[in-house]
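Notes for the one structure printed next.
Taken together, the values in this text are just the output of simple stated rules run on the coordinates, not laboratory data. Everything numeric here is computed off the predicted structure, so don't read it as measured data. Please note: Cβ atoms are built from the backbone with ideal geometry, for glycine as well, and neighbour counts cover all protein chains shown.
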Amino acid sequence: MPWFARTATALVLAASLAACRGSESTGAPPLPVTTVAARSATVPVFIEHTGTAEASSTIEVRARVRGVLEQVLFKEGADVAKDQLLFVIEQKPYQAALSKAKADSERARAALERAEADFKRTSALAKREVSSQSELDHARAARDEAAASVSSAKAAVEQAEIDLSYTEIRAPIAGRAGKVQRDQGNLVGGTEETVLTTIVQLDPIYIYWSPSERQRLEVLRLRKEGVYVQRSEIEVHAWLADGSEFPAVGHLDFVDNTVDPNAGTLRVRAAFPNHDETLLPGQYAKLRILVGRDVPVLLVPASAIIEEQGGSTVFVVTPADVIEPRAVRAGAVHEQERVIDSGLTAGERIAVDNLGKLRPGMKVTPTASDSTPHADAAAQP
């Protein structure tokens, strides 16, 4: 670069620095910010989680006898009623087996009647000493053997009736049937019971989530201290993937008895009425769990909180209208506000706009907000 070009550049930089120093000496006007005072309130407190829906019952419908699948009597993916006939396996072999078992039973009964008559006759002859004791013992043994044969034949009839009943496969529960796993005409059953379809019960439906061990202990502590009070079952509200709220309210009905040592979480679930079957197993939902009613808290607008990896921060406007960053512990959500567990006191002014321009010690011109976010806010996570 020629010397005169370098000299011109230096002069431009010097002029720029002089201009900057001049503006600093004169001072820029304070930045205008809108403020909201941290307020005390008594509110219900919710904890947010993401949960996964699971069927309240899942049944694998199996073939319990061997045979050709002759009929499929339901539509895949349709709702089925309890005891509704779903499949029919070839029945003729089992009907024949039942007929044979009944005939064997009648034969055994006839043999028993003959053996009892022989025993009575031999017993009478033995009393008159016409028949020997050996002949009496033989007649008694024959009678007892015939009685055992009758019992065995009766059991065979019952087993044949059971096997025949297994050729008609009915729905063990009411629910929604899945895909047919074996088409009509296939050989099913055998050494392993063949799964033909699966039925899931969708009403009620369960939603599971996994709070951390720390969250569980904190809730228990606040309950013992009387901060979180439950007058009834714990309510759970759900929001679906499209942002709509699930119309029915669920209730906590299960807490596992073991903490996962690897994840440090506890498996928990709520049961939801699901009459129109909107929720399906595997579906995700955002949950708000009501952990306390009428809880005294300190609230600030959720938009005023800066969430960073190191924690939560708000910009406090001091009485001297100077910005003071303040680390806070942000808790549960209440409509468009957040509960502040520590770091603030009621009445302190919080900046709610121009947050990206604020710096520690900056002088500002505060303007109190005319409205509070809790007035008509939509309670949606």
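Which GluC sites (Glu not before Pro) from segment 242-339 combine a DSSP loop assignment with at most 14 other Cβ atoms within 10 Å?
Answer by residue number: E277.
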With +1 on the Cβ of every Lys and Arg and -1 on the Cβ of every Asp and Glu, the dipole magnitude of segment 93-165 about its Cα centre, in debye rounded to the nearest 20, is 280 debye
Would you mind calculating the relative contact order of segment 93-165 from Cα pairs under 8 angstrom and at least 6 residues apart, reporting the percent as a whole number?
-> 53 percent
Using +1 at the Cβ of each Lys and Arg and -1 at the Cβ of each Asp and Glu in the chain, identify which of A327, G356, S244 lies farthest towards the dipole's positive end.
-> A327
State to the nearest 20 debye the size of the charge dipole of the chain about its Cα centre, where the only charges are +1 on K and R beta carbons and -1 on D and E beta carbons.
-> 540 debye
Please report how many Lys pairs in the chain have alpha carbons closer than 18 angstrom, counting only residues at least 8 apart along the chain or sitting on separate chains.
-> 6
What FRET efficiency, computed as 1/(1 + (r/R0)^6) with R0 = 22 Å and r the Cβ-Cβ distance, is obtained for A124 and E145, rounded to the nearest 0.05?
-> 0.60
In the chain, which longest range has no trypsin sites (Lys or Arg not before Pro) that are both DSSP loop (not H, G, I, E or B) and surrounded by at most 10 other Cβ atoms within 10 Å?
-> 232-381
Using +1 at the Cβ of each Lys and Arg and -1 at the Cβ of each Asp and Glu in the chain, identify which of G292, A146, V259 lies farthest towards the dipole's positive end.
-> V259
Based on the Cα coordinates of the chain, what is the per residue volume of their convex hull in Å³?
-> 309 Å³
Hydrophobic long helices for the chain, i.e. whole DSSP H runs reaching 20 angstrom or more by Cα along the axis with Kyte-Doolittle mean at least -0.5, come out as 3-26, 133-165
Can you list which of the GluC sites (Glu not before Pro) found in segment 56-142 are DSSP loop residues with at most 15 other C-beta atoms within 10 Å?
-> E76, E129
By how many nm would the segment from T50 to A110 grow when fully extended, if each residue of separation counts as 0.36 nm and the alpha-carbon distance is taken off?
-> 14.6 nm
Size of the dipole of segment 46-138 about the Cα centre, Lys and Arg at +1 and Asp and Glu at -1 on the beta carbon, nothing else charged, in debye to 20?
-> 640 debye
